Amino acid sequence: MNSGSREFNEYPTTPMDIFALTLLIPKTDPITVASSTTQFTSYSSNVDDNSITLKFSMPTNLPPYLRFNCSVTFTAAPQSSSIAISMNYEFDASASDLSIYDATIRFPFNILKTNQIFFPAGYGNVATGLSQPSWSGNYPSGTTMQYMAVGDSEGASSSLYFAAHDNGGTQKTISYCNSNATAKVNAALQFTHVLPNATRPMFGGSVFSFDFVLASLPSTTATNPLWQISSDLYRKKFAKKFAKKSPWSVKAGKILDRVSETYANTHLWINSGWQCHDVFDETQGDPSVVMERVSALMEMWRGLGLPEDGNVALHYYEWQQGPDASAEGRYKFDTHYPDYFPARVNGSDTFSSVTREMFEEYGVLTFPYINGRCVDMDSNTYVGEDGEVYATKGISKVALEGEYDVVTHVENYGNGINFAVINPQSVWWQDKTASIVDQLVHQEGVFGVYVDQIGAAPIQLCFDPQHGHDLGNGNWWVAGYESMLEKVHDSGDNSPIVTEDNAEVYLNQVEGFLTLVPFNSDFAEVEGETSSVMTPAFASVYGGQFIGFGAEWYASDFADKSWLKAKLATELVYGISLGWFGLGGIKDDPDCGTMRLYELFMDEGNKDVNEWIVKMVLARDQFKDFILQGRVVSGVEVLNNPAYAQNDESVGVNSARNHYRKISHASWLREETGEVGIILVKSIEDKEEEESQSVNLDMEVLGFLAGDEVAASLIDFEGGVVELGTFGGGEIVNVSIVVAHQTPVLLRLRQL
């Protein structure tokens, strides 16, 4: 958590509390009050807007010498088939020095009746029953959207949606927790939010600068699951059409209008070498080593059918050298930021020459790593340019302004280097980052730049009054990055900028999200073994507006090739650019084992893996119109589709066992044409499996209504087409289609 903020489950409240506030009082420790520790004073309703207002006042848990008059109004108003919830507060004149530091709003429910929970981690996850007793995440990074939902996995009761509709993208903690499993009310969805200028006295106003929305959802079905019905509401069904009309979505527009055809047609990613542990292989960024490995890999893949006019992206780590030309003096990963130049050289091979040669010979697009958030506190830039001035500052304790010290936020990633987190509103930092990108694009010849941590790392609440922004929380962080990345794009001639992890607020600011967090989840639910399962909800809300790429790959994945191929198939069906395979890496990473894959790829015993990669690339290129111009919808149930567990040898160091389906699948809707493309991939190694597959199509969920005549055709990864006839809309249709062993296909539906 950020300095001074608290998880709501630390508050001494019962599950029935609907709100909690942290009050700041002069020369006194913070005091937590909640709906159960205040006096409920009145209830009123308004016939004009049908709203209901509850009033609470005078915290009852305060000693007499701290008593003051504080009222909180909790208003619920019907709004377009939902309820908008807002909170206001007011202190009387005797409390002129008081403030609210943070506030929590929660919705209690019965987990025994609603046993499925959707929460917005990564692409969106679903947990069933008590399999994952609690979850908490920081928005907007890691926690990528602002809604949750609960429902009954069997469809026996209606579902509920609970969301913050905050167009400012301010920091908040989104969480759920289960408590006593036998109680009538035993779980809650909750949002905790530090107020802007939280440490400055305020007489009253809105506790939140945005509304919360509570809505009833239809019952879930096999073809219309919880992630789908909740993402539909978040995206478009409210009067304000929140996600669809949010500033980041409006500004982002269509991804194909913002990127080149070359980048859009890049279906495969590799990296020069990555490890979970923050110490990298010394040779992995050496230009000669990178050139040798990339050349060998591309020659092999092209020999297996990778198109010569196709593109592969290279995420280039350890490209920097620094002013000391010796190996010992080189600037290594996660050191000396933002000092990178000059770049590495090995004889006649320079970072620049190799970057250009890889593109000219093999169509490899280089994206070097830089950090867009942190600065090494011992770097020449930080020391010599007074970087401390621009660093974000936390507080020594939660108290009113003047009663705490401001202290620089310091982060460390395991290698002993201390980093300061820089305020993105700082013109100094915006110009510094833009100048680095300028040099990389115009002097080193890179195609794009990977600017790390923007999407992945949390907002650091800053209380430095010299920075000129709201103290603590506010829109200033997201707005600061928007200004910075505008300068970056200008200086880099609009070269694509990518970052780690998808986050909705940066949708319009970058051209690619490295999707590592989504793939930290399981792919299939197995009772008693699975905590939560990845869903494509993010691609349902924002499909057609972003490009996601990559997952973490381990040498251990090769010990179960069905698992490895299913992981690639999941990337394909969810529209993610494939791979992000590491070529270099240390062999004894204590955190996750080796991620060095080059030798495994070049091993003749893994020819089938390389053939699978090429096949997946061909399939993504064949199906790209749906992936790049559509969004994921549900509407499909694949029958006889059991879950499998990866074998013991493939479970990585410090990793949980994962599960996958026999057939990976997802449906893509191109709203402009009304076409639906359903991608299906059978990944398991068993070649004796029957090829004919029974599939239920919920035509109404897929967008085809009663009276519609729908033509169906099956397209394979090489473009072969088999016409399947026509179906009627508005009903569930069962079809039998051929999903051959390890042959990706797309079932296309279009209205006649």
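The values are calculated or read from the model by the stated rules, or taken from the named source; none is laboratory data. None of the values given here were measured: they were computed from a predicted structure. Every residue, glycine as well, gets a Cβ built from its backbone with ideal geometry; the counts of neighbours run over all protein chains shown. Note: accessible area is taken over every heavy atom of the protein model, side chains too, but ligands, DNA and RNA are not part of it. Shrake-Rupley method; radii C 1.70, N 1.55, O 1.52, S 1.80 Å.
Rolling a 1.4 Å sphere over the protein heavy atoms, what is the accessible area per residue of the chain, to the nearest Å²? Don't jump to the answer; show the numbers that get you there.
Details: 26980 Å² over 752 residues.
Normalised by residue count, the accessible surface of the chain is 36 Å².
Can you count the Lys pairs in the stretch 539-640 whose Cα atoms are under 17 Å apart, with each pair 8 or more apart or on different chains?
Details: 561/607; 561/615; 565/607; 565/615; 567/615; 607/615; 615/624.
Lysine pairs, 8 or more places apart or on different chains, close enough: 7.
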## Note on the structure
Here FRET efficiency (C-beta to C-beta, residue 346 to residue 279, R₀ 22 Å, nearest 0.05) is 0.60
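So between residue 428 and residue 254, what do we pick up on full extension, going 0.36 nm a residue minus the alpha carbon distance? Present the calculation step by step, with values, prior to reporting the outcome.
Values: separation 174, 0.36 × 174 = 62.64 nm, distance 3.13 nm.
Here the segment from residue 428 to residue 254 would lengthen by 59.5 nm.
Sort 490, 557, 386 from largest to smallest accessible area, using a 1.4 Å probe on the heavy atoms of the protein chains.
Numbers: 490 115, 557 5, 386 90 Å².
Ranked list, largest accessible area first: 490, 386, 557.
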### Taking only Cα atoms of the chain, radius of gyration then Dmax in Å
26.6, 82
### Message
Taking loop as defined by DSSP and a crowding limit of 15 other beta carbons within 10 Å, which GluC sites (Glu not before Pro) in the stretch 500-539 fit?
### Response
527, 529
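Just to be sure I understand: of the beta bridges DSSP finds with both ends in the chain, what percent are antiparallel, rounded to 5? Mind dumping the intermediate values first?
Numbers: 138 of 164 bridges.
The antiparallel proportion sits near 85 percent.
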### Query
Counting only protein heavy atoms, what percent of the accessible surface of the chain is carbon or sulfur at a 1.4 Å probe?
48 percent
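Chymotrypsin sites (Phe, Trp or Tyr not before Pro) within the stretch 384-460: which are DSSP loop residues with at most 14 other Cβ atoms inside 10 Å? Please report the intermediate quantities before stating the final value.
Values: sites: 390, 404, 413, 419, 428, 429, 447, 450; in loops: 404, 413, 447.
Passing sites in the stretch 384-460 are 413.
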### Task
Would you work out the charge dipole size for the stretch 283-368 about its Cα centre, treating the Cβ of every Lys and Arg as +1 and the Cβ of every Asp and Glu as -1, and quote it to the nearest 20 debye?
120 debye
### More than 26 angstrom apart: percent of Cα pairs within the stretch 263-386
26 percent
### Summary
One finds the C-alpha centres of the stretch 411-464 and the stretch 569-641 to be spaced, in Å, by 29 Å
### Task
Please state the charge dipole magnitude for the chain, taken about the Cα centre, from unit charges on C-beta atoms (+1 on K and R, -1 on D and E), reported in debye and rounded to the nearest 20.
2460 debye
### Restricting the stretch 567-663 to trypsin sites (Lys or Arg not before Pro) in coil, as DSSP defines it, with at most 13 other Cβ within 10 Å
587
